[in-house]
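Peer 1: I'd like to ask some things about the structure below.
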């Protein structure tokens, strides 16, 4: 069954790759658009630098303080600043995870277009690794429904700016149904 679904998915992806205007538009838009996380990351980097500066200043001041109580208060303040820094670092990691890979996604789409140009529409010559990379780059998701559902299967590709693009596998329904009954 899975090899039939895989074949149906690759057939639909091949249609997209044979007429790659959708991907070409996406790459063009990505080239014109700044990485969505760049501004947020730059802002967090400024905040982290400011926290580091404050911590360094408090430590220098603590070296000059003779009063144990005041030194303890400075140590507590530095500890609080470091806690805030860890929070900012975690936020930075989360933003990178959410928006990260922007350029990698763009390069993956560009690579897919290059492969398509190289094989000049003869997508059957894609190697297994090129097929795998293409499916991963397009973030293709196939959904197989119960036998009484129409359509039996659907495919969606996920592009960085356009989001999910539904690609009906309707013309593949017969192949998938046949594989379930055999």
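The values are calculated or read from the model by the stated rules, or taken from the named source; none is laboratory data. Please read all numbers here as calculations on a predicted model, not as lab measurements. Virtual Cβ from ideal backbone geometry, glycine too; neighbours counted across all protein chains shown.
Peer 1: From the list 88, 123, which one is in contact with a helix residue (DSSP H, G or I) (Cβ under 9 Å, 6 or more places away or on another chain) and assigned by TED's automatic domain parsing to the domain that holds residue 161?
Peer 2: Values: 88 fails: assigned by TED's automatic domain parsing to the domain that holds residue 161.
None of the others qualify; the one that does is 123.
Peer 1: Just one of 111, 118, 146 is at pLDDT 85 or above, closer than 17 Å to residue 16 by Cα and outside the structural domain of residue 43 (by TED's automatic domain parsing); which is it?
Peer 2: Result: 111 is the single residue among 111, 118, 146 that is at pLDDT 85 or above, closer than 17 Å to residue 16 by Cα and outside the structural domain of residue 43 (by TED's automatic domain parsing).
Peer 1: Condition (residue is loosely packed, with under 15 Cβ neighbours inside 10 Å, out of contact with any strand residue (DSSP E or B) (no Cβ under 8 Å at 6 or more places or on another chain) and either on the phi > 0 side of the Ramachandran plot or modelled with pLDDT of 85 or more (or both)) applied to the range 92-101: is it met by at least one residue?
Peer 2: Yes, that holds for at least one residue.
Peer 1: Could you check the range 60-77 and list, in sequence order, the residues that are over 40 Å from the mean Cα position of the chain (by Cα) and either within 17 Å of residue 88 (Cα to Cα) or in contact (Cβ under 8 Å) with a residue 12 or more places away in the chain (or both)?
Peer 2: Applying the first criterion (over 40 Å from the mean Cα position of the chain (by Cα)) to the range 60-77 yields 60-75.
Across the range 60-77, the qualifying residues are 61, 62, 74, 75.
Peer 1: Condition first: part of a helix (DSSP H, G or I), surrounded by 14 or more Cβ atoms within 10 Å (Cβ to Cβ) and in contact (Cβ under 8 Å) with a residue 24 or more places away in the chain. Now tell me which residues in the range 116-164 satisfy that.
Peer 2: Within the range 116-164, 116, 123, 131, 133, 134, 135, 137 qualify.
Peer 1: Hey, residue 94 hits all of (1) closer than 30 Å to residue 138 by Cβ; (2) in contact (Cβ under 8 Å) with a residue 12 or more places away in the chain but one; which does it fall short on?
Peer 2: (2)
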